[in-house]
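The values are calculated or read from the model by the stated rules, or taken from the named source; none is laboratory data. Since we're looking at a predicted model, the values are computed, not measured. Note: ideal-geometry Cβ built from the backbone for every residue, glycine included; neighbour counts use all protein chains shown.
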Amino acid sequence: MKTKTKAKAKAKAYSNIAFIKYWGKRNASLRIPVNSSISMNLSSVYTLTSVEFDEKLKDDKIKIDGSISKGVERERVIKHLNRIRKIGKFNIKANVISRNNFPKGTGIASSASGFAALTVAAVKAAGINISQRRLSTLARLGSGSACRSIPDGFVEWRKGKGSESSYAYSIYLPNYWEIRDIIAIVGERKKKVSSSEGHKLVSTSPFFKSRMQFLPKRIQRIKRAFRDKDFTDFGKTIEEEALNMHAVMMTSKPALFYWLPDTIGVMNSIIQWREQGLESYFTLDAGPNVHVICEERNSRKLTDKLRAVKGVKQLIVNKPSIGARLVG
Ligand code: PMV
């Protein structure tokens with residue numbers, strides 16, 4: 001940073017849902033994944049983060065959702081600020097204020113939108129000028145899935161060969177396909193093992209090798225479905241993929257089990273409605289909430305029906321969204 005004055009910027013980044021999942025790292029500290037993944041940015045779940053580098057500060061000040069951040073969470077943010085200070089060749093402390101628009105306790109992960117917003121705001125505040133590809137690479141170092149919240153719309157994260165070539169880019173803009181992700185919140189199962197730790201367990205599952213073997217075909221299949229806007233094949237593929245990832249999780253040592261009874265209730269309803277002609281498919285992250293993927297024309301009907309399913313506490317309807325942006 002050249003000037004000695006205060007430098008401030010604010011960014012907004014949306015969370016994303018993976019259709020092809022990132023589960024397992026080839027390099028843990030650099031967060032290089034074992035496979036490429038494909039996702040969609042979510043219009044209704046986002047983080048707003050402001051970063052101000054201020055020479056008067058003796059320490060970094062980090063506030064998330066109104067509370068002063070402590071422990072591991074604080075260390076992870078500082079580590080990320082250090083990466084940016086290293087690029088900018090300066091050592092000024094920062095005041096970081098971050099807010100998620102989704103309520104805590106819903107089990108929605110904030111690390112993707114959080115680290116994407118932090119990256120864009122801190123890079124700008126530091127006066128660094130880098131490409132979107134490098135922003136994505138940098139966000140990845142904070143949290144893997146955050147690299148997918150940088151570009152617009154539907155995104156592929158290429159696993160890459162090394163750190164520089166492992167980044168996400170937009171495969172289609174948000175208005176390419178009018179699909180929706182209705183998140184059915186059924187509760188929060190407190191994670192005993194964080195996803196950062198969970199990634200390290202993949203190779204302990206006897207199903208991991210077979211997952212790796214089938215993934216390239218599944219990625220090809222989903223890309224074809226995207227190209228042809230073949231919603232039925234797209235849906236079948238994402239459901240198969242989510243169940244495959246959870247099978248690996250459940251058969252890891254120790255086993256990672258993220259579902260609640262109501263998770264299965266929602267999944268069964270989706271299957272049943274589909275048999276009756278109302279088409280939608282489910283996918284899940286490392287948590288109990290069900291992401292119900294449908295075409296826009298069925299969104300209203302599905303929200304009405306989902307509201308009546310046992311255990312559904314809240315519904316969050318998402319359109320495909322733009323990526324991370326600076327805001328005023
Ligand atoms: O970015 P992380 O370390 O929180 O991992 C995300 C892992 C999943 O949400 C389960 C899958 C994905 O690709 O988002």
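Considering ASN82, ASN100, the condition of being in contact (Cβ under 8 Å) with a residue 24 or more places away in the chain and surrounded by fewer than 23 Cβ atoms within 10 Å (Cβ to Cβ) is satisfied by ASN100 alone.
Of the residues making up segment 255-272, not a single one is buried (at least 20 other Cβ atoms within 10 Å of the Cβ) and under 23 Å from TYR176 (Cβ atoms). Is at least one residue of segment 144-163 over 28 Å from ILE270 (Cβ atoms), within 12 Å of the ligand (Cβ to nearest atom) and either in a helix (DSSP H, G or I) or over 17 Å from the mean Cα position of the chain (by Cα) (or both)? Yes: segment 144-163 contains one or more residues that are over 28 Å from ILE270 (Cβ atoms), within 12 Å of the ligand (Cβ to nearest atom) and either in a helix (DSSP H, G or I) or over 17 Å from the mean Cα position of the chain (by Cα) (or both). Restricting attention to segment 224-265, the residues being within 16 Å of the ligand (Cβ to nearest atom) and small (Gly, Ala, Ser) number 4. Of the candidates ILE322, ILE293, the single residue that is at pLDDT 95 or above, within 23 Å of ALA168 (Cα to Cα) and more than 16 Å from the ligand (Cβ to nearest atom) is ILE322. Does LYS301 satisfy the criteria of being assigned to a loop (DSSP other than H, G, I, E, B), at pLDDT 95 or above, of a type in the set (Lys, Arg) and more than 19 Å from the chain's Cα centre (by Cα)? So LYS301 fails the test. Checked against the criterion of being of a type outside the set (D, E, K, R), surrounded by 14 or more Cβ atoms within 10 Å (Cβ to Cβ) and part of a strand (DSSP E or B), segment 67-75 has no qualifying residue. The residues of segment 98-131 that are under 17 Å from the mean Cα position of the chain (by Cα) and part of a helix (DSSP H, G or I), listed by number, are SER111, ALA112, SER113, GLY114, PHE115, ALA116, ALA117, LEU118, THR119, VAL120. Selection of segment 28-52 for residues being touching a residue at least 40 places away in the same chain (Cβ under 8 Å) and either more than 23 Å from ALA11 (Cβ to Cβ) or touching a Leu at 6+ places or on another chain (Cβ under 9 Å) (or both) yields ALA28, LEU30, ARG31, ILE32, PRO33, VAL34, ASN35, SER36, ILE38, THR47, THR49, VAL51. Counting the residues of segment 196-223 that are surrounded by 13 or more Cβ atoms within 10 Å (Cβ to Cβ) and either of a type in the set (Lys, Arg) or at positive phi (or both) gives 5.
With respect to (1) surrounded by fewer than 19 Cβ atoms within 10 Å (Cβ to Cβ); (2) more than 24 Å from ASN91 (Cβ to Cβ); (3) within 16 Å of the ligand (Cβ to nearest atom), the lone exception for LEU30 is condition (2).
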